[in-house]
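Peer 1: Have a look at this one.
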Amino acid sequence: MRGLDTPVREMRRKVFEEIARVAYHSTPESLNADIEAIPYRLVNEDTENYRERVYRIRSMVSEQVRLAMGMSLRPEDKPVHLTAGIEESNISDKYYEPPLMQVIPSACSACEENKYEVSNQCKGCFAHPCKEVCPKGAISMVNGKSYIDQSKCIKCGKCKAHCPYDAIAKKERPCQRACGVNAISSDVFGRAHIDTDKCVSCGMCMVSCPFGAISDKSQIFQLIRCLKEGGEVVAEIAPAFVGQFGPYINPRNIKAALQELGFSQVYEVALGADIGAISEAHHYVNEVVTGNLPFLLTSCCPSWSMLTKKYFPDLVDRVSQELTPMVATARTIKQEHPNAKVVFIGPCAAKKLEAMRTTVRSDVDFVITFEELQAMFDAKDIDLSQFEAESSFHDATGAGRGYAAAGGVAAAIEKCINEYYPDVEVHIEHAEGLAECKKVLALAKAGKMNGCLIEGMACPGGCIGGAGTNIEIPKAKKALKDFVSRSSKQLPAKELEEIELK
């Protein structure tokens with residue numbers, strides 16, 4: 001469902017927009033009442049789509065409101081007011097507190113985890129291959145149709161594979177299927193449960209749930225508070241932004257619209273990507289080519305790095321120690337604007353927790369997604385097409401901007417190696433999606449990837465397919481390709497490595 005404008009996604013956006021409007025317009029006296037009114041304004045008996053389940057949807061929206069305010073879900077076993085604890089969020093400098101991804105119990109449909117079921121498409125064929133291939137005798141003919149005894153079924157899928165009419169369906173919990181690290185199981189009521197010890201906060205479960213039952217926390221309210229206070233607030237925007245706010249919205253429109261929101265300056269995160277590409281090119285040549293390290297893992301995707309630390313801890317020293325593009329750009333900004341607040345704007349949910357790390361907190365003050373930024377534009381009634389800055393972005397090169405798509409990180413590093421070390425042969429591997437990332441790391445651990453530069457992206461498609469994006473991956477990929485090709489420079493100058501950011 002990623003990139004599709006479904007009612008679930010529409011409601012999520014409305015929640016962010018309402019929270020943004022409250023942040024912009026509410027007074028201290030009206031804040032609680034304004035927050036309380038949101039679920040009733042968005043979901044009521046007059047809202048045709050929700051008449052049959054108005055109370056359940058409203059309950060879901062209420063919890064989404066709390067998460068959008070940066071608060072936690074309310075407990076199920078005690079009465080807690082919707083605005084309880086709001087004083088801790090009614091500030092301008094709140095950091096994210098894990099867990100980031102949370103299941104809203106009232107919204108979860110308790111989907112079956114894994115089940116094969118015969119549909120009404122069954123023709124009751126004489127051959128009944130489904131019955132013949134079942135290794136456990138779980139299939140019989142009942143009233144002329146195939147029937148699966150769930151107590152005997154071992155979920156091998158042979159019946160489905162051999163049905164000539166595709167009459168056997170495999171039922172899976174969508175969030176569980178989307179999770180590449182098997183972090184989702186069931187609670188005692190059959191509802192989805194996220195194991196925080198396994199979760200790497202990529203957000204793929206959130207964008208795959210058709211009920212809107214999984215959501216993440218936001219800093220949108222606190223960021224608006226900060227902007228209203230009038231201090232210096234600088235935006236750094238990830239290269240995946242192209243196309244996210246409409247097919248005809250260009251970088252000048254984005255830059256001007258951000259300034260209209262109150263940002264004093266706008267930088268490209270691709271600047272940090274350029275710095276990282278150069279550094280990792282040298283790292284690969286100096287460590288992997290010389291044999292000091294068997295292989296090198298890129299570091300820009302926080303979920304990929306977290307995956308390595310949680311599931312392959314003995315490979316942690318193979319992860320590049322170079323700063324991620326978000327942090328490298330933020331430190332560049334802080335050098336030029338030491339008193340500024342820095343806001344990372346991107347497609348990634350996991351960046352919210354990366355910014356929470358003690359080593360990063362002093363660099364990045366806020367993290368919001370493209371989805372949340374769109375809500376801010378909507379709350380301020382900003383039509384991006386009506387704003388255009390005097391100049392576009394010129395902080396980065398095509399190589400750094402290409403980081404946003406799967407394979408782009410390794411490609412940028414490879415280009416730098418070819419430029420600086422023309423006699424060095426580069427061996428590249430890349431994986432996208434956590435399941436594939438785990439396979440690649442397992443192969444690397446087994447010694448099958450020696451000599452390689454290995455790029456990992458938690459989201460299929462790369463950053464352009466992140467949980468906080470607004471459009472479908474093919475559209476984002478094309479927009480990014482055009483943006484990269486139009487870059488005035490395609491490769492960062494070697495002198496960029498001299499910037500001291502450590």
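Peer 1: Select from segment 188-229 the residues that are of a type in the set (Asp, Glu) and at pLDDT below 95 and list them in ascending order.
Peer 2: As a first pass, look at segment 188-229 and keep what is of a type in the set (Asp, Glu): 195, 197, 216, 229.
Across segment 188-229, the qualifying residue is only Glu229.
Peer 1: Out of all the residues in segment 236-269, which are part of a helix (DSSP H, G or I) and among the small types (Gly, Ala, Ser)?
Peer 2: Start the filter on segment 236-269 by keeping residues that are part of a helix (DSSP H, G or I), which leaves 239-241, 251-261.
Result: Ala240, Ala256, Ala257.
Peer 1: Quickly run through segment 430-459 and pick out the residues that are crowded, with 17+ Cβ neighbours inside 10 Å and without any contact (Cβ under 8 Å) to a residue 60 or more places away in the chain.
Peer 2: Once the filter is applied, which keeps residues that are crowded, with 17+ Cβ neighbours inside 10 Å and without any contact (Cβ under 8 Å) to a residue 60 or more places away in the chain, segment 430-459 yields His430, Ala431, Glu432, Val440.
Peer 1: Go through segment 183-235 and report how many residues are part of a helix (DSSP H, G or I) and more than 26 Å from Leu4 (Cα to Cα). Step through it out loud before you land on a result.
Peer 2: Initially, segment 183-235 is screened for residues part of a helix (DSSP H, G or I), giving 204-208, 220-228.
So of that shortlist, the ones also more than 26 Å from Leu4 (Cα to Cα) come out as 222-228.
Qualifying residue count, segment 183-235: 7.
Peer 1: As an exercise: evaluate Asn253 against (1) under 23 Å from the mean Cα position of the chain (by Cα); (2) under 18 Å from Ala476 (Cβ atoms) and give the number of the one condition it does not meet.
Peer 2: (1)
Peer 1: Can you tell which of Asp46, Asp34 is among the charged types (D, E, K, R), more than 29 Å from Gly465 (Cβ to Cβ) and in contact (Cβ under 8 Å) with a residue 12 or more places away in the chain?
Peer 2: Values: Asp46 fails: in contact (Cβ under 8 Å) with a residue 12 or more places away in the chain.
The unique qualifying residue is Asp34.
Peer 1: Another question about this same structure. In this structure, is Lys170 modelled with pLDDT of 95 or more and surrounded by fewer than 18 Cβ atoms within 10 Å (Cβ to Cβ)?
Peer 2: On the way: modelled with pLDDT of 95 or more: no; surrounded by fewer than 18 Cβ atoms within 10 Å (Cβ to Cβ): yes.
So Lys170 fails the test.
Peer 1: Looking at (1) over 24 Å from the mean Cα position of the chain (by Cα); (2) of a type outside the set (A, V, I, L, M, F, W, C); (3) surrounded by 23 or more Cβ atoms within 10 Å (Cβ to Cβ), which is the one condition that is false for Lys228?
Peer 2: Here Lys228 clears every test but (3).
Peer 1: If a residue has to be under 21 Å from the mean Cα position of the chain (by Cα) and over 20 Å from His193 (Cα atoms) to count, how many in segment 71-107 make the cut?
Peer 2: Residues that pass the stated criteria total 3.
Peer 1: Okay, next question. Please enumerate the residues belonging to segment 445-464 that are closer than 20 Å to Val289 by Cα and out of contact with any strand residue (DSSP E or B) (no Cβ under 8 Å at 6 or more places or on another chain).
Peer 2: Lys445, Ala446, Gly447, Lys448, Asn450, listed by residue number.
Peer 1: Please find, among Ala467, Ala431, Ala444, Ala412, the residue that is modelled with pLDDT of 95 or more, touching a helix residue (DSSP H, G or I) at 6+ places or on another chain (Cβ under 6 Å), closer than 21 Å to Lys310 by Cβ and not in a loop (DSSP other than H, G, I, E, B). Reasoning before the result, please.
Peer 2: On the way: Ala467 fails: not in a loop (DSSP other than H, G, I, E, B); Ala444 fails: touching a helix residue (DSSP H, G or I) at 6+ places or on another chain (Cβ under 6 Å); Ala412 fails: closer than 21 Å to Lys310 by Cβ.
The unique qualifying residue is Ala431.
Peer 1: Has segment 151-158 got at least one residue that is closer than 29 Å to Cys205 by Cβ, of a type in the set (D, E, K, R) and in contact with a Pro (Cβ under 8 Å, 6 or more places away or on another chain)?
Peer 2: Within segment 151-158, one or more residues are closer than 29 Å to Cys205 by Cβ, of a type in the set (D, E, K, R) and in contact with a Pro (Cβ under 8 Å, 6 or more places away or on another chain).
Peer 1: Among Pro294, Pro325, which is out of contact with any helix residue (DSSP H, G or I) (no Cβ under 7 Å at 6 or more places or on another chain) and modelled with pLDDT of 95 or more? Can you show your working first?
Peer 2: Working: Pro325 fails: out of contact with any helix residue (DSSP H, G or I) (no Cβ under 7 Å at 6 or more places or on another chain).
None of the others qualify; the one that does is Pro294.
Peer 1: Go through (1) within 17 Å of Phe370 (Cβ to Cβ); (2) under 21 Å from the mean Cα position of the chain (by Cα) one by one and return the number of the condition Leu261 breaks.
Peer 2: Among (1) within 17 Å of Phe370 (Cβ to Cβ); (2) under 21 Å from the mean Cα position of the chain (by Cα), Leu261 violates only (2).
Peer 1: So, in segment 72-83, how many residues would count as being polar (S, T, N, Q) and either surrounded by fewer than 19 Cβ atoms within 10 Å (Cβ to Cβ) or in contact (Cβ under 8 Å) with a residue 60 or more places away in the chain (or both)? Walk me through how you get there before you give the answer.
Peer 2: Within segment 72-83, the first condition is being polar (S, T, N, Q), and the residues that meet it are 72, 83.
Pick out the ones that are also either surrounded by fewer than 19 Cβ atoms within 10 Å (Cβ to Cβ) or in contact (Cβ under 8 Å) with a residue 60 or more places away in the chain (or both) and you get 72.
Final tally of qualifying residues: 1.
Peer 1: Let me ask another. Modelled with pLDDT of 95 or more, assigned to a loop (DSSP other than H, G, I, E, B) and surrounded by fewer than 23 Cβ atoms within 10 Å (Cβ to Cβ): is that true of Lys160 in this structure? I'd like the intermediate steps shown before the answer.
Peer 2: Working: modelled with pLDDT of 95 or more: yes; assigned to a loop (DSSP other than H, G, I, E, B): no; surrounded by fewer than 23 Cβ atoms within 10 Å (Cβ to Cβ): yes.
So Lys160 does not fit the description; no.
Peer 1: Which one is farthest from Phe241 (Cα to Cα) among residues in segment 391-426 that are aromatic (Phe, Trp, Tyr) and more than 26 Å from the chain's Cα centre (by Cα)?
Peer 2: As a first pass, look at segment 391-426 and keep what is aromatic (Phe, Trp, Tyr): 393, 403, 420-421.
Then drop every residue that is not more than 26 Å from the chain's Cα centre (by Cα), which leaves 420-421.
Working: Tyr420: 30, Tyr421: 32 Å.
Ranking the qualifying residues of segment 391-426, first place goes to Tyr421.
Peer 1: For segment 365-390, give me each residue that is under 19 Å from Val8 (Cα atoms) and over 23 Å from the mean Cα position of the chain (by Cα).
Peer 2: none
Peer 1: If you don't mind, another one. Any chance segment 77-92 includes a residue that's assigned to a loop (DSSP other than H, G, I, E, B) and touching a strand residue (DSSP E or B) at 6+ places or on another chain (Cβ under 7 Å)? Steps first, answer last, please.
Peer 2: Our first condition is that a residue be assigned to a loop (DSSP other than H, G, I, E, B); within segment 77-92, this holds for 77-85, 89-92.
Filter once more, so that each one left must be touching a strand residue (DSSP E or B) at 6+ places or on another chain (Cβ under 7 Å): none.
Scanning segment 77-92, I find no residue that is assigned to a loop (DSSP other than H, G, I, E, B) and touching a strand residue (DSSP E or B) at 6+ places or on another chain (Cβ under 7 Å), so the answer is no.
Peer 1: Consider only pairs whose beta carbons are under 7 Å apart and that are at least six residues apart or on different chains; among these, list those whose first residue lies in segment 117-130 and is assigned by TED's automatic domain parsing to the domain that holds Lys152 and whose second residue is part of a loop (DSSP other than H, G, I, E, B) and of a type in the set (Ser, Thr, Tyr).
Peer 2: Gln121/Tyr165; Cys122/Tyr165; Lys123/Tyr165
Peer 1: Further question: Of all residues being touching a helix residue (DSSP H, G or I) at 6+ places or on another chain (Cβ under 9 Å) and polar (S, T, N, Q) in segment 187-216, which is surrounded by the most Cβ atoms within 10 Å (Cβ to Cβ)? Just the residue, please. Steps first, please.
Peer 2: Pass one, segment 187-216, residues touching a helix residue (DSSP H, G or I) at 6+ places or on another chain (Cβ under 9 Å): 192, 194, 197-216.
Next, from what is left, pick out any that are polar (S, T, N, Q): 201, 208, 215.
Working: Ser201: 28, Ser208: 18, Ser215: 25.
Out of the qualifying residues, it is Ser201.
Peer 1: Go through segment 84-124 and report how many residues are closer than 30 Å to Ala167 by Cα, surrounded by 17 or more Cβ atoms within 10 Å (Cβ to Cβ) and of a type outside the set (Ser, Thr, Tyr).
Peer 2: As a first pass, look at segment 84-124 and keep what is closer than 30 Å to Ala167 by Cα: 107-124.
Cutting the leftovers down to surrounded by 17 or more Cβ atoms within 10 Å (Cβ to Cβ) gives us 107-108, 111, 116, 118, 122.
Filter again for of a type outside the set (Ser, Thr, Tyr), leaving 107-108, 111, 118, 122.
Result for segment 84-124: 5.
The values are calculated or read from the model by the stated rules, or taken from the named source; none is laboratory data. If you're wondering where the values come from, they're calculated on a predicted model, not measured in any experiment. Cβ sites come from the backbone with ideal geometry, for glycine too, and all protein chains shown count toward neighbours.
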